Structure formats: C-alpha cells, structure tokens
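In what follows, a structure is listed as structure tokens, so that the remarks can point back to it.
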Amino acid sequence: MDTKISAVADKKGIVTLKTIQHTLGKHTNLVTLVVLIVALGIMTGGRALQISSLQNLMVAEAVRAFAALGVGLIIINRGIDLSIGQVVGLVACVSASLAQTSDYAGALYPGTVFPVFLPIIVGIAVGTLFGIINGLLVAYGNLPPFIATLGTMSIAAGLQLIYTRASTIGSLKNEYKHIAQGSLGPLPYLMIYVLAAVLILWIMMTQTRQGKAFYAIGGNPQAARVSGINVKLNLLKVYALGGFLYGISGVLLSSRLGLANPLTGDGMELDAIAAATVGGISHSGGIGTIGGIFIGVFTLGIITFGMTYMGVDSYYQLLVKGMIIIVAVYFDMKRHAKRA
C-alpha cells in the first residue's frame, strides 16, 4: 500500500514538474524579463528600479515599441524591413518641420502656422506611404524583402538630407511636444499609447480573419493561397501597417526629443528587429505574438538600461545587441527544426 501511495506521489511529482517546465518554456520571454529586472535591482541596490528610473525606461522604449510591432508583424509574414530607421527619421523630420514655431529664424516654413494635428497626420501618412511602396515591391514586384527595403532605406535617407538640408529642425511648439512628453499621473502618455496599440493589434491577430490570414501566410504561403487567401494583397497590407506604425514612431520620437535631424531614428531597425526576435517572433514565419514583441522591447530595454546605468560603453552595447540577435535566431531555428 505504501509503495502504491509513493508511486502515485512520484507520478504526481513528475506531472507537476513537467507542468512547471511546460509553463516556463511557454513563457520564456516573460520569465527572462522578470529575471533581468530582479538581477538589475540587486546589482544596483534597487536604485535602477526607482519610479523615476522606470519612467525613463518606459519613455525611452515606447517609441521603439511601435517600430518593433511593425516589423514583428512583417516577420510573422516571412518578411523583413531594413528601412525602419530611415523611415522613422524621415517622418520625424517632416513632422517636426510642420510643428515649428512660426517666428523661429531657422524654420522650414517661416511665418506659417500649422494646426497641431497636421504634423501628426502628415508624418503617419509618410510612414504609411513607404510601407505601401515596400509592400508593392515585395508582393507585386516579387523583389526579395531584403533588397526592396534596402532600396527604400537609401531613398528615405536621401530624402531626409534633401528635405532638411542636413540641418537640425528645432523650436517645436509646446503643444506638439506635450503629445509625447506629458503623463497621466506616474504613467507617461507614451506608455498609454503603446498599451493601446498592443491591445488593438492583439485583438486583430487573435480575434479576426485578418490576423489568421497573416499567420497562415507566414506558416505556408502556398497552402494559404490554396485556401483562398489573397497572399499578395495581404503582404501589401502588412507592409502598409508596418509603415503606419513607423509613422507613429517617428511622430512620437520628434515630439519626445523636441527636435529632429537626419540622424534621428538611425539604427532603430537593429533595435526593432532585435526586440521582435527576442520576443519570440520566428524568422521562419507564422510564429509569434504581439505580447511577445512587447516583452521583447522591454527585455532589450532593461539590458541597455542596465549597461548604461553601470557605465558600459555604447560601442559594447551595439556588440551585445548584435550577439543577442544571432543567439535568438539560432535558438529559434533549432526549435523550428525540431518541430519540422
């Protein structure tokens, strides 16, 4: 009898252990984020986890979150986008130029007063336009995403220099800067915008036919086409949606900084792709969640914040980010190979 009870107990213990392992494996991204937060708190004696420090972290990563959400959706559809940083920078410059005070001596449109909503609308439109161009090149031009977005990256960079004449655009209206610099109690507006975007995109990807179509295309484009999904049109849609999110990112970036120049947004493609990858978005397509991208953004943010807080040189931070992308993609490919 005792042996039977012991066997049952052992069996229950094994089941419990497997359940725990399954749960941890399923939520690896979240567990990693929590571990990093705890580790950073211990290493800095809790100073890095003060309210003011966390607010700075949220503000810094919120803008990148929109870019990461955009490219994450594209990667789910077996694509990639290298134009992110330059498109975000171009949007920031265009939006900032329309938000300058009219009496500023260096204004691009001196003496002209634009309503505060105009730079927002125009900026998002510019980002969306580049997304549509990328989508047309990939879906209907049959160009590899890498080549298509490499080309538009160069075009966006050139347009920035032409439009700004390689100068900084400053003296933005306080109403425009308040869009990204304000807060609701202890919660920055930027974080509210991100949470709203995450919720909307989560509903789209999990509760709508559009989201299911995106996952189907990423999983197997040929099977999606046979099942009646218009693959080309949906690829155009996902790149346009990515551009729309880059547009929001660029507008918020110029509002947060209170200025823009041709270097604004430079390197954001690395941060965005790294965050999506760390967040569990598979480069094999069809795998990943909106929540995972959100967690990936703040996981990278914690790593960067921790290195900065401890005085690690920015050059080494770039090295670490590159290694994180390589390691994350390597293990993603290993997991995908096992499933296959």
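A short reminder: the numbers here are calculations on the coordinates, not readings from a lab. What you see is a predicted model; the values in this text were computed from it and never measured. Here the Cβ is made from the backbone with ideal geometry for all residues, glycine too, and neighbour counts use every protein chain on show.
General remarks:
- Principal-axis tilt of helix 290-309 within the chain, Cα atoms, nearest 10 degrees: 80 degrees
- Put in line by how crowded their Cβ is, counting other Cβ atoms within 10 Å and starting with the fewest, VAL31, VAL138, VAL113 read VAL113, VAL31, VAL138.
- Helix-derived mean residue ellipticity, 222 nm - over the chain, DSSP H n ≥ 4, -39500 (n - 2.57), to 500: -24500 deg cm²/dmol
- Packing, taken as the mean count of other beta carbons within 10 Å per residue, orders the peptides 188-198, 86-96 from highest to lowest as 86-96, 188-198.
- Listed by Cβ neighbour count within 10 Å, with the fewest neighbours leading, PHE305, PHE298, PHE130, PHE331 appear as PHE331, PHE305, PHE298, PHE130.
- HN-Hα J in Hz across the stretch 65-73 - Karplus 6.51, -1.76, 1.60, θ = phi - 60°, x for Gly and Pro: 4, 5, 5, 5, 4, x, 6, x, 5
- Environment charge of ALA107, counting only residues whose C-beta is closer than 14 Å and scoring Lys/Arg +1, Asp/Glu -1: +1
- Database remark: amide H of SER183 closer than 5 angstrom to the amide H of TYR189 (H placed geometrically; neighbours at sequence offset of 5 or more, or on other chains; Pro and chain starts carry no H).
- Gain on full extension, evaluated as 0.36 nm per residue between ALA125 and GLN210 minus their Cα-Cα distance, stands at 28.4 nm.
- Lysine pairs within the chain, Cα separation less than 25 Å, 8 or more sequence positions apart or different chains: 16
- Among HIS178, HIS283, the order by Cβ neighbours within 10 angstrom, fewest to most, reads HIS178, HIS283.
- Note on the stretch 49-339: Cα-Cα pairs beyond 23 Å make up 54% of the total pair count.
- Relative contact order of the chain, defined on C-alpha pairs under 8 angstrom at six or more residues apart (%): 30 percent
- For the chain, the longest principal axis of the Cα atoms and the long axis of helix 189-207 meet at an angle of about 60 degrees.
- Efficiency of FRET between SER314 and MET43 - r from beta-carbon atoms, R0 30 angstrom, step 0.05: 0.95
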